[in-house]
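Some notes on the structure that comes next.
The values are calculated or read from the model by the stated rules, or taken from the named source; none is laboratory data. Since the structure is predicted, the reported quantities are computational estimates derived from the model, not experimental observations. Using ideal geometry, Cβ is built from the backbone for each residue, glycine included, and neighbour counts are taken over all protein chains shown. When the accessible area is computed, the model is the full protein with side chains, heavy atoms only, and any ligands, DNA or RNA have been set aside. Shrake-Rupley method; radii C 1.70, N 1.55, O 1.52, S 1.80 Å.
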Amino acid sequence: MKAKKYLWSIICVYMCYLTHGIQALILGQNNINFAIQWGFDMSNPESAAYAAGLAAVSTAIAWTGFGKFVSVWIGGEISDRVGRKKMMVGGAVLYIICFLGFLFTQNALIASVCGFLTGVATSGFWDAAGYPAVQEACPAAPGSALIGIKFFVSLSGMVYPLMVVQNASNGNWKMNVIIPLVMSFVCLALALIAPFVYDDQKKAAKGEANKDHNAIQDEINAAKAAMLQKPNKLVVFLIMFYAFLCMAIMYGAQQYTKAFGLSVCGLSEMQAAGMTSIYTVGSLCAVLFWAFMMGKLKWNPLKVILIDSICTAAALAAVLFIHQVAVIYIAITMLGFFAAGGALQTGLAVVQLFNPGPKGRNTGIYYTFMGAASYLIPVVAAQLTKASGEANAVYTLMIMLLVFAGLAILSSLYLVAQHKKIFGKSALSK
């Protein structure tokens, strides 16, 4: 019933993440054109100027991650204080400013500032408000509601890379920036008209005198009461650190799959862009599958992230060590399914399971770890590209992602063991 009442807030959040799916790809997918616009000579792929142009784009991507890192924790706190609507509106306004900057600037430094602000808009505003908002609007199936966010990120990620190639071949690559700019205005309009559960609850609570506990605090207390023992500090750290591991894998694959196809696999521009789309198709299929498994069959989200971690490692190993195009395409699909099919969002459900608390605060802490990965991966990619060239850089990056997948498996296995002690039942039973 609540989901129907707050349908516009759900639509608003999903539209924002449809736009964010493009923002996450826009620099990496248009890297050559952006480098040219910023004044780099990209005529010779073997030249130092070409490598410098690619490094400049990776630096702008890194600033996006840094914006996420520094803003999401405080954004969660602010979201719990001022409500969800103001944060969703603020994020949309920042997106509009930043896409205008990408469209017109001829300076790599200004582009990096815009990248930083899109990171702030995404995590400091939208992640801090949007993730709690859909959980609050769909209390009967919060895990499925969170995975719905990933569905819309993946939807734009599937279409956008192909659109980039098509617009560029038509000599109109700037349409790749204009489209998300227009979408950002739609996000702003939706945020202004949509009602939000948390905001309405805050208004209602203010109107009731001497109210000691609101519905949100009652929900937190009930979750804590269901525990047989308090989670130890390592458990709390690992559920947050999973955001770093998951985002590092997802972000690295999302941003550099196309470069891997071009420089390592020898694919054409369209074939390499197709790898990114296939990766996204896998994530879309996973969103629907895991939404069913958690929403209808009530699978424990910890069980889901353990399966995701194991299969992600297998897919990365296949990409790295079996250099056949057909195998790589299958492995990329698997990588999209298990690494980008809602694993990050499912991890947030695990956070709320083990560490019940204000959703804005938990989201902020969790996404601070995510932001660290968003910053680290492009910084490493930029330095590797300068040192050893693009082909060696993306291959080394994939090896690093495989190591992260191994750490995710070990962390998930430890959490499964702790789940039995804390809740008195196995996370793998459902």
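So the values come out like this:
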{"read-out": "Breaking point among (1) under 17 Å from the mean Cα position of the chain (by Cα); (2) within 22 Å of LEU54 (Cβ to Cβ), for PHE260", "value": "(1)"}
{"read-out": "Leading residue by the ranking (farthest from PHE40 (Cα to Cα)) among those in region 111-120 that are open to solvent by less than 30 Å² (accessible area, probe 1.4 Å) and among the aliphatic types (A, V, I, L, M)", "value": "VAL120"}
{"read-out": "Filtered residues of region 235-265 (kept if of a type in the set (Phe, Trp, Tyr) and within 22 Å of LYS150 (Cα to Cα))", "value": "PHE241, TYR242, PHE244, TYR251, TYR256"}
{"read-out": "Qualifying residues in region 63-113 (those that are more than 23 Å from LEU25 (Cβ to Cβ) and among the β-branched types (Val, Ile, Thr)) - the one modelled with the highest pLDDT", "value": "VAL89"}
{"read-out": "Qualifying residue in region 133-146 (condition: within 14 Å of the chain's Cα centre (by Cα), closer than 21 Å to PRO195 by Cα and not small (Gly, Ala, Ser))", "value": "yes"}
{"read-out": "Residues located in region 102-114, provided they are under 14 Å from ALA55 (Cβ atoms) and in contact with a Ser or Thr (Cβ under 9 Å, 6 or more places away or on another chain)", "value": "ALA108, ALA111, SER112"}
{"read-out": "Hits in region 227-273 (condition: polar (S, T, N, Q) and farther than 22 Å from ALA343 by Cα)", "value": "GLN229, ASN232, SER263, SER268, GLN271"}
{"read-out": "Residue ID - modelled with the highest pLDDT, chosen from residues in region 222-246 that are assigned to a helix (DSSP H, G or I) and loosely packed, with under 11 Cβ neighbours inside 10 Å", "value": "LYS233"}
{"read-out": "ALA49 open to solvent by less than 10 Å² (accessible area, probe 1.4 Å) and either of a type outside the set (Gly, Ala, Ser) or at pLDDT below 95 (or both)", "value": "no"}
{"read-out": "Any hit, region 263-271, residues being under 25 Å from THR368 (Cα atoms), open to solvent by less than 50 Å² (accessible area, probe 1.4 Å) and either in a helix (DSSP H, G or I) or modelled with pLDDT under 90 (or both)", "value": "no"}
{"read-out": "Criterion violated by THR346 - all others in (1) farther than 27 Å from THR385 by Cβ; (2) hydroxyl-bearing (Ser, Thr, Tyr); (3) without any contact (Cβ under 8 Å) to a residue 24 or more places away in the chain satisfied", "value": "(3)"}
{"read-out": "Matching helices (runs of 4 or more DSSP H) fully within region 297-387 where at least 2 residues are open to solvent by less than 10 Å² (accessible area, probe 1.4 Å) and closer than 20 Å to TRP126 by Cβ", "value": "343-354"}
{"read-out": "Among the candidates PHE337, PHE369, residue that is in contact (Cβ under 8 Å) with a residue 40 or more places away in the chain and over 19 Å from THR257 (Cα atoms)", "value": "PHE369"}
{"read-out": "Enumerated helices (runs of 4 or more DSSP H) restricted to region 121-201, each holding at least 3 residues that are open to solvent by 10 Å² or more (accessible area, probe 1.4 Å), of a type outside the set (Lys, Arg) and at pLDDT 85 or above", "value": "142-169, 175-193"}
{"read-out": "Qualifying residues in region 1-35 (those that are farther than 30 Å from LYS386 by Cβ and in a loop (DSSP other than H, G, I, E, B)) - the one most open to solvent (accessible area, probe 1.4 Å)", "value": "MET1"}
{"read-out": "Residue match in region 64-77 (condition: surrounded by fewer than 22 Cβ atoms within 10 Å (Cβ to Cβ) and in contact with a Pro (Cβ under 9 Å, 6 or more places away or on another chain))", "value": "yes"}
{"read-out": "Residue match in region 36-45 (condition: part of a helix (DSSP H, G or I) and either under 23 Å from LEU162 (Cβ atoms) or without any contact (Cβ under 8 Å) to a residue 60 or more places away in the chain (or both))", "value": "yes"}
